[in-house]
1. For residues that are part of a loop (DSSP other than H, G, I, E, B) and more than 7 Å from DNA strand C (Cβ to nearest atom), scanning just region B:48-61, find the one that is farthest from residue B:119 (Cα to Cα).
2. Out of all the residues in region B:131-152, is one or more farther than 29 Å from residue B:32 by Cα, within 14 Å of chain A (Cβ to nearest Cβ) and free of Cβ contacts under 8 Å to residues at least 12 places away in the same chain?
3. All but one of (1) within 12 Å of another protein chain (Cβ to nearest Cβ); (2) in a helix (DSSP H, G or I); (3) within 12 Å of DNA strand C (Cβ to nearest atom); (4) touching a residue at least 24 places away in the same chain (Cβ under 8 Å) hold for residue B:76, so report the exception by its number.
4. If you check residue A:157 against the conditions, is it more than 10 Å from chain B (Cβ to nearest Cβ) and farther than 25 Å from residue B:214 by Cβ?
5. So, in region B:29-47, of the ones that are within 14 Å of another protein chain (Cβ to nearest Cβ) and surrounded by fewer than 16 Cβ atoms within 10 Å (Cβ to Cβ), which residue ends up farthest from DNA strand C (Cβ to nearest atom)?
6. Within region A:112-130, can you find the residues that are facing chain B (nearest Cβ under 7 Å) and either touching a residue at least 24 places away in the same chain (Cβ under 8 Å) or farther than 28 Å from residue B:194 by Cβ (or both)?
7. Look through region B:57-73, keep the residues that are more than 14 Å from chain A (Cβ to nearest Cβ) and closer than 26 Å to residue A:127 by Cβ, and return whichever of them is nearest to DNA strand D (Cβ to nearest atom).
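Just so it is clear, none of the values below were taken in a lab; they were calculated from the coordinates. What you are looking at is a predicted structure, and each value in this text was computed from that prediction instead of being measured. Because the Cβ atoms are built from the backbone with ideal geometry, glycine has one as well, and the counts that use them run over all protein chains shown.
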DNA sequence: TAAATAAATGAACGTTCATTTATTTAACTG
DNA sequence: CAGTTAAATAAATGAACGTTCATTTATTTA
């Protein structure tokens, strides 16, 4: 993705300069991309046609191609947008959490269940591209890379936790795969349930997962204590 | 799906009866379905055309429609085949395992990683239909139902294990979601890696997951003991 | 106000697809 | 060996698709 650069001074002396057009252009550009995400979520990839996207965006069919050159490029742009937003949120969460693995894991869960990152449309888009990933390398590279990065982050943090907390009976990879899979399962639920998905409950389940494995680090909070039993040791 | 029943004795007195034709018919029928699975795995759903399936099966385009009435019906038949085989294997494993939750969980993992159930093509088909499930109720009903059944089985068994083993600090749903997600992650790997996927290693990871949570029930075997540490309590 | 440029339109084109129809091939019956 | 039926083919049909392009509309520059 390339930033659009304003080459000349804008808004000079109250007279509208070229910038006004560019803003319109950008707005249409973004509107088409948004419409694409909605269309993929509702009609899946095979049901996404340029005409449907155009209708959803409120522009002509020609405008869609004018802005994105081809349908394929439009689809990749939509995937890139979803992937990039998730990637940014993931990095930001990790940098904010600092070096504490407990805070970092909590932050990653938070990101994964953040309504802005994992809203139903975006999850559906992600799932749609995974479904075609086997056949289209261009999709697999994107979804696979991001999934691997997330998985690696989790494994590293769990490994830290195992070492510093003395949980030598645990296998870091197995624990991380379980957590990642648990969160993927929540995404699947989001996709099916839509806006009615209970994110608080999902949080509690993820917390309960970690609390079961790392009782000292992830003590049950009031919110997740609806089923609390005695402490283990 | 309905089983095709041979009504009359075949190969009577060396003279080929009508059954010969029926067998040919059945063979073509199955060949087209097999070809469909391969085609979906290689070209995804949107890239699966009747012509491609016909070419893969070595029959004419008309024959495909003749046998399955429509492309949509063909796709659903392919999904049903994959789903049904998994369902049968799952039930069989559970009934063989009897009432012991440890044996049952082991058996379910075994099924999930069974090369016949989760061969790369079938996993790719499963993923392809999940990708379209959001848009097509007909697919969601099938993939969703099966996933739920599997999830419920796991949760019930884990719950038993928690109660009988005194693991009251664990949340059955969280543990089961983690296990199911872990196995789903392995399926994703199967899809990407194909035949080179290391199933023994996958077994070890799944065992390690359960061993970390239920150390008394899932003792590390020689095969999975590459990373064995001290016992927890 | 006029000229120039950018953005957007919508009809038309060529292609691909699933399905239908007509025809040929093969198998079984008496 | 005819006669009949089922199975498979190949060609034809029509709808839907992505893309192109000549034209119109809107905006900026002079």
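1. Initial filter on region B:48-61 (part of a loop (DSSP other than H, G, I, E, B)): B:48-49, B:58-60.
Subsequent filtering for residues that are more than 7 Å from DNA strand C (Cβ to nearest atom) retains B:58-60.
On the way: B:58: 23, B:59: 25, B:60: 27 Å.
Among those residues, the one meeting the criterion is B:60.
2. yes
3. Unmet condition: (1).
4. Here the answer is no, as residue A:157 does not meet what is asked.
5. B:42
6. Initially, region A:112-130 is screened for residues facing chain B (nearest Cβ under 7 Å), giving A:124, A:127-128, A:130.
Answer for region A:112-130, where residues must be facing chain B (nearest Cβ under 7 Å) and either touching a residue at least 24 places away in the same chain (Cβ under 8 Å) or farther than 28 Å from residue B:194 by Cβ (or both): A:124, A:127, A:128.
7. Ranking the qualifying residues of region B:57-73, first place goes to B:70.
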